[in-house]
């Protein structure tokens, strides 16, 4: 896929196995995404670049069922989409899902990072962003929905 990341500091690109780029505090070890200039836990300012895991599990999710308010720049024809908090092991990140059907999503479902087109009506650059794609069913939750 060809294109330009919407922000060069969010993920590695071009890359066969892209990863989100976070930061790790050298003082307390706290991991953040996106990268920050100071640690939210200890206020330390010594942070190093930290590549996040490509695979994780859905921690929580919802469907964006209506067109967001301005400055949303998506296509005029709005299509509902999934949004999730994804647990990548050392940090939980928020991201769009490639699946928008609520009957196909569940807490605990494994997902994998993908680089996808950032859909916009603005002509010009082919922008890219990140999203998470389900890779299998959620583990049995013993009847808990």
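What fraction of the DSSP beta bridges in the chain is antiparallel, stated in percent and rounded to the nearest 5?
90
What do you get when you divide the Cα radius of gyration of the chain by 2.2 N^0.38 Å, with N the number of residues?
Relative to the 2.2 N^0.38 Å estimate, the chain comes out at 1.13.
Would region 1-51 count as rounded, prolate or oblate if I go by the C-alpha gyration tensor, calling it rounded below 1.5 in a/c and otherwise prolate when a/b exceeds b/c, oblate otherwise?
Cα axes put region 1-51 in the prolate bin.
For the residue pair residue 133 and residue 106, what label-to-label distance in nm results when each label sits 7 Å from Cα along the Cα-to-beta-carbon direction?
2.1
Each value in this text was obtained by applying a stated rule to the coordinates, not by laboratory testing. None of these values were measured; they are calculated from a predicted model. All Cβ positions, glycine included, derive from the backbone under ideal geometry; neighbour counts span all protein chains shown.
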